[in-house]
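*Asks:* Sharing a structure with you now.
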Amino acid sequence: MARATFTFPAGFLWGSATASHQVEGNNTNNDWYAWEQIPGKIINGDKSGKACDWWNGRRWRDDFDRAHETYQNAHRFSIEWSRVQPEADRWDESAIDRYREMLLGLKERDMVSMVTLFHFSSPLWFVEMGGWENEAAVGLFEAYVRRTVSALKAHCNLWVTINEPNVYAVGGWMAGGFPPGKNDVKLGMRVLANLAKGHAAAYRAIHELQPDAKVGVAHNHRGFVAADYNPLTRLVVNKLDQGYNLVFAETLRSGKFDGIYLKEDIPQAKDTQDFVGLNYYTRDLVKFDLMKANDQFSRRFFAKDAEVSHTGFIANDPEGFKQSIKWAAEYGLPVYITENGVEDPDDGFRRLYLLEHLLAMWHMINHNKQVKGYFHWSQVDNFEWERGWTQRFGLWGLDPATQQRIRRPSVDLYSDICRTNSITSEAVEKWAPEVYSRIYPGRSSG
Ligand code: BGC
């Protein structure tokens, strides 16, 4: 029976990731809360409600305890702008104090914190001023970042300015599932360009306030693979790759924004990343399709024999993860896997997905890719945006009504990996025996 230990570099960060609106609960002053009140916007009319009750019930304490007790040494969470700045001309110091408490909570547990400053949700007053469609957003975001970072810099030096600018722009302005639910590619690209300017302003402000800070973006990277030899498919793949995967990160390298429908020089964005945050979930096959004018003439799908998640949202594609890591590493900066995970209430698929993706990451590290840490999405089931409570991404399950946490087997598997800083045959045998032969091919039956 094949046995082996795959060891990760010393000092590797092992954690999980969360986002304010998805876990805090009672976040009533942002655009997502407003969106949830509109019938038809969220599956089943689900509401974030108490979410994981991190705010009123301060249940972050128990979730951080669980993370710490299961050997995670880092956590990525986000700050809710609408709490820190509830109105355009009012700051809420008590909200900042709460976030300081959380950072201290991580410190007490010997965990490194990574803080995201914008993870999809915006204050209502900001949205009323045009949100990221309006270039004034850049200065407003910078002011919020300055206030927040000045107050918290003693306890954190890893900052993610913006989570998945591409998903945000596509969700809100192209696909329509996120607020404001528009369908206007050019405007979506305007939003993306403004986000790049917002990031650049935040990057400089943070460095001014905290010279040793490390600042980056959590990029969602989703490979697009041509499924046939049609030259039109090739064109479509290139366009998707440029418009979705490359545009933002390239702007932060070159200062030139090329959003296909909008090109602009943003010189202040040049060289504004200290690390590359990578959120990877899956990869698509693509074909040119004349009927899909609204999707850039692309039909995206998973292979017929793909192993897909509970709601068909994610295909298990660790090779895609390798390619995305390769892409991220080409910037010559340290890479953090800021999100990776799968929705699975039963947890069998999650253990396979987790192991195969960590193994893929191990391979890339051994090909000299500077991956410094991995944050699993997510610590506990949480409110999945327009998909409400239908998707369960937690290592821990959650019953939102009772707030009870349910320990899934993945908790123990991941705990073992975090504790030993490696994937061992013993851990796989113990916590995921049904996938042993996938991780260690060659095991004889019995
Ligand atoms: C987002 C998370 C989300 C996850 C799973 C990412 O796009 O950053 O907020 O919960 O995907 O859908």
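The values are calculated or read from the model by the stated rules, or taken from the named source; none is laboratory data. Nothing here was measured: the structure is a model prediction, and the numbers come from that model. Don't worry about glycine lacking a Cβ; one is built from the backbone with ideal geometry, like all the others, and counts go over all protein chains shown. To get the accessible areas, we keep the full protein, side chains included, count just its heavy atoms, and leave off ligands, DNA and RNA. Shrake-Rupley method; radii C 1.70, N 1.55, O 1.52, S 1.80 Å.
*Asks:* Within the stretch 388-445, how many residues turn out to be over 24 Å from Ser48 (Cα atoms), in a loop (DSSP other than H, G, I, E, B) and under 24 Å from the mean Cα position of the chain (by Cα)?
*Replies:* Number satisfying all stated conditions: 1.
*Asks:* Assuming His357 fulfils every condition listed in (1) within 16 Å of the ligand (Cβ to nearest atom); (2) part of a helix (DSSP H, G or I); (3) surrounded by fewer than 20 Cβ atoms within 10 Å (Cβ to Cβ) apart from one, which condition is it?
*Replies:* Unmet for His357, out of (1) within 16 Å of the ligand (Cβ to nearest atom); (2) part of a helix (DSSP H, G or I); (3) surrounded by fewer than 20 Cβ atoms within 10 Å (Cβ to Cβ): (3).
*Asks:* Here's another thing I want to ask about it. When you check Trp14 against the structure, is it more than 30 Å from Ile423 (Cβ to Cβ) and either more than 16 Å from the ligand (Cβ to nearest atom) or outside any helix (DSSP H, G or I) (or both), yes or no?
*Replies:* Numbers: more than 30 Å from Ile423 (Cβ to Cβ): no; either more than 16 Å from the ligand (Cβ to nearest atom) or outside any helix (DSSP H, G or I) (or both): yes.
So Trp14 fails the test.
*Asks:* For the stretch 210-232: of the residues being outside any strand (DSSP E or B) and within 16 Å of the ligand (Cβ to nearest atom), which is nearest to the chain's Cα centre (by Cα)? Quick ask: steps written out before the conclusion?
*Replies:* First, pick out the residues of the stretch 210-232 that are outside any strand (DSSP E or B): 210-213, 221-223, 227-232.
Retained after the next criterion (residues that are within 16 Å of the ligand (Cβ to nearest atom)): 221-223.
On the way: His221: 10, Arg222: 12, Gly223: 16 Å.
The selected residue is His221.
*Asks:* Now a separate question. Pairs only if they're at least six apart or on different chains, beta carbon under 6 angstrom, first in the stretch 326-346 and under 22 Å from Asn366 (Cβ atoms) and among the hydroxyl-bearing types (Ser, Thr, Tyr), second more than 14 Å from the ligand (Cβ to nearest atom) and open to solvent by 10 Å² or more (accessible area, probe 1.4 Å); list them, first residue then second.
*Replies:* Tyr336/Lys372
*Asks:* As an exercise: evaluate Ala303 against (1) open to solvent by 30 Å² or more (accessible area, probe 1.4 Å); (2) touching a residue at least 24 places away in the same chain (Cβ under 8 Å); (3) over 17 Å from the mean Cα position of the chain (by Cα); (4) over 22 Å from Gly216 (Cα atoms) and give the number of the one condition it does not meet.
*Replies:* The single condition Ala303 does not satisfy is (2).
*Asks:* In addition: When you go through Gly259, Gly348 one by one, which is the residue that is open to solvent by less than 50 Å² (accessible area, probe 1.4 Å), at pLDDT 95 or above, under 30 Å from Lys197 (Cα atoms) and away from the ligand (no atom under 16 Å from the Cβ)? Give the steps one after another, and end with the answer.
*Replies:* Numbers: Gly348 fails: under 30 Å from Lys197 (Cα atoms).
After applying the criteria, what remains is Gly259.
*Asks:* Follow-up question, since we're still on this one. Please work out which residue is farthest from the ligand (Cβ to nearest atom), limiting yourself to the stretch 373-422 and to residues that are aromatic (Phe, Trp, Tyr) and touching a helix residue (DSSP H, G or I) at 6+ places or on another chain (Cβ under 8 Å).
*Replies:* Taking the stretch 373-422 as the starting set, the residues that turn out to be aromatic (Phe, Trp, Tyr) are 374-375, 377, 383, 385, 389, 393, 396, 414.
Cutting the leftovers down to touching a helix residue (DSSP H, G or I) at 6+ places or on another chain (Cβ under 8 Å) gives us 374, 383, 385, 389, 396, 414.
Working: Tyr374: 15, Phe383: 8, Trp385: 6, Trp389: 12, Trp396: 15, Tyr414: 17 Å.
Among those that are aromatic (Phe, Trp, Tyr) and touching a helix residue (DSSP H, G or I) at 6+ places or on another chain (Cβ under 8 Å), it is Tyr414.
*Asks:* At pLDDT 95 or above and not in a helix (DSSP H, G or I): is that true of Phe375 in this structure? Quick ask: steps written out before the conclusion?
*Replies:* Numbers: at pLDDT 95 or above: yes; not in a helix (DSSP H, G or I): yes.
Considered against the rule, which asks whether it is at pLDDT 95 or above and not in a helix (DSSP H, G or I), Phe375 comes out as yes.
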